[in-house]
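K.L.:
Dropping the structure in here first, questions after.
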């Protein structure tokens, strides 16, 4: 079948620049307002063209171009396959979802400061400036095709689009591009100030492609550059902004950024959340607070876990959760090593162990309900267990007792997911302070909702901790459950409820974790023969919670 010149040129560009990314070509209706569109979903690139469009201009010869259509058929596909994506010749911008996330974060911050909306649109625009400059450096690409594309959007430009086009011309254009587009510019003072200030802060020089390309291809600077561009251009966004910043079809209501699709994947959000946390950037500005915290704690809880066959246990399981150096080979772990003061490896033995007499036999059809959550949410849970309590991402502090308790609970439920047991387990969370809050029973398929509920109920601002026995009676009824309580201090009504509490919890697989000094409750529980564990360090608490639940469900 005969193919048009347009299709041939488009496909040739795709094969030359990025042979691993297939290009699909489609014909737009004759007389289309926007005669060329292109986008990619990272698996393929799509280019649509109105083949009746005959772009022209005297500037083309000065740019070394034979015809306008040849320039368009080279530069527009190149913007997608080599400008935004990594290719044979380029490191695209953003190139991957991690760079996209940090750039979008900075754009969101600038938009918030300006009191404007249009996050996806402005993020695309910022990345387009980088992508266009990247493509301009590829041999045979003058970006004349982009100049012709901008011409179609500059008939009656919004303030934002004029500033955007001019900043592009500073970054990669030359005198021929500027001369061709100059008649369309309105040259409003506010618009000129915006692009000039952005160019100055970025240290761009008009007509110096080598200098500008060196600046805009420095990936380590993209995060800050995104903020600079967005800071200056965001105030110009208004209801009149409707142009395509490039060929994505990315008007404010129609954005096609493939990295946004990837960023919506939970597994990607978990990785991004952890990167933002580790980098001390704070919560991603493009995510809701609860979503960002959910993904962070999911990531923190994703520790390796060994799934083992469910066989009858004849002995009492012993789990080490604290370690110390040793020279005694009979006590040393063959898999756990430490580092001494000189940097050498040393053997380690457990300094604290879990002695958990929980037995659950053979392969199970039914599993005990997990009531891991009789969790203390009194104000003292905001206290830090270690120094360096950072609240930039974690609002209650990433060294607080509450933080480590959440981390442990997420790790426990993650382990149940990984071993497939979560499908058979019903969960209920009880949070107690001056009042007791109950999540209600959640099945394994409702884990996301339960996790969100807990994150939305941080420690109370009111001093005091008491147990609501009506709630506990209801939760202790029925078949035995895995029942874990966690607290860091005294329970005000313990003397009044002690006898009934011991009676109610006796049929269950029960453990109490005391954070810090012993309380009257923990002493009485220990005296009654219950499993009581004391922890002083945050990560010990996480290991302890995981160990208790792992043995209960072995």
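The values are calculated or read from the model by the stated rules, or taken from the named source; none is laboratory data. Just so it is clear, the model here is predicted, and its values are computed rather than measured. Backbone-built Cβ (ideal geometry, glycine too); neighbour counts: all protein chains shown.
K.L.:
Just one of (1) farther than 29 Å from residue 17 by Cα; (2) part of a helix (DSSP H, G or I) trips up residue 103, so point out which.
P.N.:
(1)
K.L.:
Further, regarding this structure: Hey, among the residues in the stretch 175-187 that are touching a helix residue (DSSP H, G or I) at 6+ places or on another chain (Cβ under 9 Å) and part of a helix (DSSP H, G or I), which one's surrounded by the fewest Cβ atoms within 10 Å (Cβ to Cβ)? If you could, list the steps in order and put the result at the bottom.
P.N.:
The first filter runs over the stretch 175-187 and keeps only residues touching a helix residue (DSSP H, G or I) at 6+ places or on another chain (Cβ under 9 Å), leaving 175-181, 184-187.
Those left that are additionally part of a helix (DSSP H, G or I): 175-181, 184.
Working: 175: 12, 176: 20, 177: 24, 178: 17, 179: 14, 180: 22, 181: 23, 184: 15.
Result: 175.
K.L.:
Does residue 413 meet the test of being at pLDDT 95 or above and either within 16 Å of residue 428 (Cα to Cα) or not in a helix (DSSP H, G or I) (or both)?
P.N.:
Details: at pLDDT 95 or above: no; either within 16 Å of residue 428 (Cα to Cα) or not in a helix (DSSP H, G or I) (or both): yes.
No; evaluated as a whole, the condition is false for this residue.
K.L.:
Check every one of the helices (runs of 4 or more DSSP H) wholly within the stretch 245-312 and list those with 3 or more residues that are modelled with pLDDT of 95 or more and closer than 20 Å to residue 94 by Cβ. Outline the logic, then answer.
P.N.:
Working: elements: 258-263, 266-278, 289-300.
Once the helices (runs of 4 or more DSSP H) in the stretch 245-312 are filtered for at least 3 residues that are modelled with pLDDT of 95 or more and closer than 20 Å to residue 94 by Cβ, what remains is 266-278.
K.L.:
To continue, here is another question. How many residues does the stretch 205-231 hold that are closer than 24 Å to residue 115 by Cβ and free of Cβ contacts under 8 Å to residues at least 40 places away in the same chain?
P.N.:
Of all residues in the stretch 205-231, those closer than 24 Å to residue 115 by Cβ come to 223-231.
This time we only want the ones that are free of Cβ contacts under 8 Å to residues at least 40 places away in the same chain, so: 228.
Qualifying residue count, the stretch 205-231: 1.
So that you can scan it fast, the table gives a plain yes or no per residue for (1) modelled with pLDDT under 90; (2) more than 26 Å from the chain's Cα centre (by Cα); (3) under 20 Å from residue 533 (Cβ atoms); (4) outside the structural domain of residue 506 (by TED's automatic domain parsing):
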position: 345; (1), (2), (3), (4): yes, yes, no, yes
position: 350; (1), (2), (3), (4): yes, yes, yes, yes
position: 372; (1), (2), (3), (4): yes, yes, yes, no
position: 384; (1), (2), (3), (4): no, no, no, no
position: 407; (1), (2), (3), (4): no, no, yes, no
position: 424; (1), (2), (3), (4): yes, yes, no, no
position: 456; (1), (2), (3), (4): no, no, no, no
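K.L.:
I've got another one for you. Here's a check for you: in the stretch 188-204, which residue that is in a loop (DSSP other than H, G, I, E, B) and in contact (Cβ under 8 Å) with a residue 24 or more places away in the chain is farthest from residue 100 (Cα to Cα)?
P.N.:
Our first condition is that a residue be in a loop (DSSP other than H, G, I, E, B); within the stretch 188-204, this holds for 188, 203-204.
Subsequent filtering for residues that are in contact (Cβ under 8 Å) with a residue 24 or more places away in the chain retains 188, 204.
Numbers: 188: 32, 204: 22 Å.
The extreme case among them is 188.
K.L.:
Taking residue 449 as the residue in question, decide whether it is free of Cβ contacts under 8 Å to residues at least 12 places away in the same chain, assigned to a helix (DSSP H, G or I), over 21 Å from residue 538 (Cβ atoms) and over 28 Å from the mean Cα position of the chain (by Cα). Even if it seems obvious, please write down each step before you answer.
P.N.:
Values: free of Cβ contacts under 8 Å to residues at least 12 places away in the same chain: yes; assigned to a helix (DSSP H, G or I): yes; over 21 Å from residue 538 (Cβ atoms): yes; over 28 Å from the mean Cα position of the chain (by Cα): no.
Answer is no for this residue.
K.L.:
Name every residue in the stretch 125-173 that is within 20 Å of residue 212 (Cβ to Cβ) and assigned to a loop (DSSP other than H, G, I, E, B), in order of residue number.
P.N.:
137, 138, 139, 140, 141, 142, 143, 173
K.L.:
Further question: When the residues of the stretch 11-38 are narrowed to those that are within 26 Å of residue 154 (Cα to Cα) and under 35 Å from the mean Cα position of the chain (by Cα), which ends up surrounded by the most Cβ atoms within 10 Å (Cβ to Cβ)?
P.N.:
Restricting attention to the stretch 11-38, the residues satisfying the condition of being within 26 Å of residue 154 (Cα to Cα) are 25-38.
Those left that are additionally under 35 Å from the mean Cα position of the chain (by Cα): 25-26, 34, 36-38.
On the way: 25: 21, 26: 10, 34: 17, 36: 27, 37: 22, 38: 24.
Only one residue fits best here, namely 36.
K.L.:
If residue 199 passes every condition in (1) modelled with pLDDT of 95 or more; (2) under 21 Å from residue 80 (Cα atoms); (3) surrounded by fewer than 23 Cβ atoms within 10 Å (Cβ to Cβ) but one, which one does it miss?
P.N.:
(2)
K.L.:
What helices (runs of 4 or more DSSP H) completely inside the stretch 494-554 contain at least 2 residues that are free of Cβ contacts under 8 Å to residues at least 60 places away in the same chain, crowded, with 17+ Cβ neighbours inside 10 Å and in contact with a strand residue (DSSP E or B) (Cβ under 7 Å, 6 or more places away or on another chain)? Steps first, answer last, please.
P.N.:
Values: elements: 494-505, 520-527, 538-552.
The helices (runs of 4 or more DSSP H) meeting that bar are 520-527.
K.L.:
Moving on. Give the stretch 470-493 a look and list any residue that's part of a loop (DSSP other than H, G, I, E, B) and either within 15 Å of residue 371 (Cα to Cα) or outside the structural domain of residue 533 (by TED's automatic domain parsing) (or both), or say none. Please lay out each step first, then the result.
P.N.:
Initial filter on the stretch 470-493 (part of a loop (DSSP other than H, G, I, E, B)): 477-480, 488-493.
The answer is 477, 478, 479, 480.
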